[in-house]
Amino acid sequence: MTSSTAGEEWIVEALGCLPERLADPATLRALFAQIVTELSLHPVGEALWHQFPAPTATADGDAGEAGGITGLLMLAESHLTVHTFPEHGSACLNLFCCTPRAAWDWEARLQARLGATVVHVRHVARAYAPVADVAGLTRP
């Protein structure tokens, strides 16, 4: 994608993740730092994090894993978010960039950081102008 009137968005689901990593703020902070560094992104402030309480104890008294985490990092390019679900072994990420970025190996990175066994990535081109303008065509 070379047009200056288009951006890119990645919508990512990571499945089969290790629950303890999904509930660990340090793991998610490190993931955000890796994404920012490797994609040359520009945070405009500190990330915001919220950890949900652990699920209610089961009948046998087991409280289970710690609760999931939501993270948001505002970028000069737009935003990076994550929502984790330790009880399901899954994480959902969203990266929106107002300018094109190099490809990033979401599958390998999320396997290494979160233990993901399956990673689904949807890559969406985001046009900011009518299609004819984005394609460089003139309008009547």
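FYI, it's all coordinate maths here, none of it is from the lab. As the structure is a prediction and not an experimental result, all values here were calculated from the model. Here Cβ is always computed from backbone atoms with ideal geometry, including for glycine, and neighbour counts include all displayed protein chains.
Amide H to amide H distances under 5 Å link residue 77 with 42, where only residues 5 or more positions off or on other chains count and H is placed in the peptide plane.
Full extension of the chain between residue 117 and residue 74 yields a length gain of 12.7 nm, computed as 0.36 nm times the residue separation minus the alpha carbon distance.
In plain terms, the chain from residue 49 to residue 36 could stretch by 3.1 nm, reckoned as 0.36 nm per residue minus the Cα-Cα distance.
Full extension of the segment from residue 6 to residue 108, taken as 0.36 nm per residue of separation minus the current Cα-Cα distance, would add 34.1 nm. Residue order for 69, 11, fewest other beta carbons within 10 angstrom first, comes to 11, 69.
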